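Structure first, then comments.
The values are calculated or read from the model by the stated rules, or taken from the named source; none is laboratory data. From a predicted model like this one, the values you see are computed outputs, not experimental measurements. Positions of Cβ are backbone-derived with ideal geometry, glycine not excepted, and every protein chain shown enters the neighbour counts.
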Amino acid sequence: MAVSSKRPPPFCQALIICDLVHSDPGTQKHFLLGTFSAIRARSFPAVHHRLGLYCELTNGHGQTHISLKLSRVRAEQIDGEPLGTIEADADFVDPRQTVTLAGNITNVTFPEPGEYRLFVEANGLLLSERKLVLMQIEPPPGLRES
């Protein structure tokens, strides 16, 4: 029986969208503020001034390029260029190691209500995704324009 030399892809343990990711340089701990899976806006295009993205991977093997991409999705297909991306190269020296990719993207413009997704890829292979729904809300009755 032949043994495959192909290494298995990393496993995504966490994929979180929040208002802010703070990374403490002294302790290497990450603090996630305001996790969510939906954004409500009165009008579109809507600008979200700061969006935190957090991802943890394990079971990696060697040098791995990791990317987080936030994209619009229609009919299960990516629609256009990513609205935001965070990328890094990680060196998994031990498959039991956990690697974190975290950061903040600013002034993300959502062109319209609907479904968006955060995708995590390792060496171009999709590992996991998380849905983000953008909803249009009506202004309170006293604030409607005539």
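Please enumerate the residues belonging to the stretch 97-121 that are assigned to a strand (DSSP E or B), without any contact (Cβ under 8 Å) to a residue 60 or more places away in the chain and of a type outside the set (G, A, S).
Answer for the stretch 97-121, where residues must be assigned to a strand (DSSP E or B), without any contact (Cβ under 8 Å) to a residue 60 or more places away in the chain and of a type outside the set (G, A, S): L101, I105, T106, E115, Y116, R117, F119, E121.
For a quick check of your reading of the model, give me the residue pairs whose first member lies in the stretch 81-92 and is free of Cβ contacts under 8 Å to residues at least 12 places away in the same chain, whose second is surrounded by 16 or more Cβ atoms within 10 Å (Cβ to Cβ) and of a type in the set (D, E), with beta-carbon atoms closer than 6 Å and at least 6 apart or on different chains.
Close Cβ pairs satisfying both conditions: none exist.
Does the stretch 36-56 contain at least one residue that is among the aliphatic types (A, V, I, L, M), exposed (fewer than 10 other Cβ atoms within 10 Å of the Cβ) and either modelled with pLDDT under 95 or within 21 Å of L125 (Cα to Cα) (or both)?
no
On the basis of being under 17 Å from L15 (Cβ atoms), of a type outside the set (D, E, K, R) and in contact with a His (Cβ under 8 Å, 6 or more places away or on another chain), does A122 make the cut?
Yes.
I need a count of the residues in the stretch 33-64 that are within 15 Å of the chain's Cα centre (by Cα) and farther than 30 Å from P139 by Cβ.
4
Given (1) within 30 Å of P139 (Cα to Cα); (2) touching a Ser or Thr at 6+ places or on another chain (Cβ under 8 Å); (3) surrounded by fewer than 15 Cβ atoms within 10 Å (Cβ to Cβ), identify the lone condition not met by R96.
Single failed check for R96: (1).
Are there any pairs, at least 6 apart or on different chains, whose C-beta atoms fall under 6 Å, with the first in the stretch 26-51 and without any contact (Cβ under 8 Å) to a residue 60 or more places away in the chain and assigned to a loop (DSSP other than H, G, I, E, B) and the second buried (at least 16 other Cβ atoms within 10 Å of the Cβ) and of a type in the set (G, A, S), and if so, which?
none
Answer with yes or no whether G60 is crowded, with 18+ Cβ neighbours inside 10 Å, free of Cβ contacts under 8 Å to residues at least 40 places away in the same chain and of a type outside the set (S, T, N, Q).
Answer is no for this residue.
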